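Reviewing the structure listed below.
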Amino acid sequence: MIDGKHYVLEAPLHADFALLKAFKGDRWGNLVYRKTARNFGPIMASAAKTAIAQVSKVVPLCELGPENIVTPGIFVQCVVEVPQAVHAAELAA
């Protein structure tokens with residue numbers, strides 16, 4: 001009850017793990033996304049106890065510009081590099 005009115009209060013959801021997919025990341029866990037991955041990646045990284053990020057490319061430290069980083073490394077505990085597969089259409093070009 002707030003100010004004499006009844007309200008429904010939903011408790012926030014907390015996750016044990018968050019599995020994220022990012023375009024690039026460094027070994028500290030700073031992440032850059034592409035397209036719609038920006039929508040829920042940062043939110044889930046901050047809501048989970050452990051965030052595991054799959055990145056297409058691990059870049060050296062300081063290569064990602066500070067204004068380009070969407071998820072700071074403080075929220076990411078593990079970074080796994082999985083290079084993107086080359087499609088047949090890309091090989092023909």
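The values are calculated or read from the model by the stated rules, or taken from the named source; none is laboratory data. Note that the structure is predicted; figures quoted are calculated from it, not measured. Backbone-built Cβ (ideal geometry, glycine too); neighbour counts: all protein chains shown.
Of the residues T71, T50, which single one is in contact (Cβ under 8 Å) with a residue 12 or more places away in the chain and in contact with a helix residue (DSSP H, G or I) (Cβ under 8 Å, 6 or more places away or on another chain)? Working first, answer last.
Numbers: T50 fails: in contact with a helix residue (DSSP H, G or I) (Cβ under 8 Å, 6 or more places away or on another chain).
After ruling out the rest, the residue left standing is T71.
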Checked region 12-30 for anything among the hydrophobic types (A, V, I, L, M, F, W, C), in contact with a helix residue (DSSP H, G or I) (Cβ under 6 Å, 6 or more places away or on another chain) and within 16 Å of A48 (Cα to Cα); matches are A15, A18, L20
Near pairs, Cβ below 9 angstrom, 6+ apart or cross-chain, from region 5-30 (on the phi > 0 side of the Ramachandran plot) to any residue that is assigned to a strand (DSSP E or B) and of a type in the set (A, V, I, L, M, F, W, C)
G29/A51; G29/A53; G29/C78; G29/V79
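Counting residues that are of a type outside the set (A, V, I, L, M, F, W, C) and at pLDDT 85 or above, which strands (runs of 3 or more DSSP E) fully inside region 1-92 reach at least 2? Walk me through it before giving the result.
Working: elements: 15-25, 48-58, 78-81.
Per the criteria, 15-25, 48-58.
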Selection count, region 1-18, where residues are within 13 Å of Q77 (Cβ to Cβ) and either surrounded by 16 or more Cβ atoms within 10 Å (Cβ to Cβ) or charged (D, E, K, R) (or both):
2
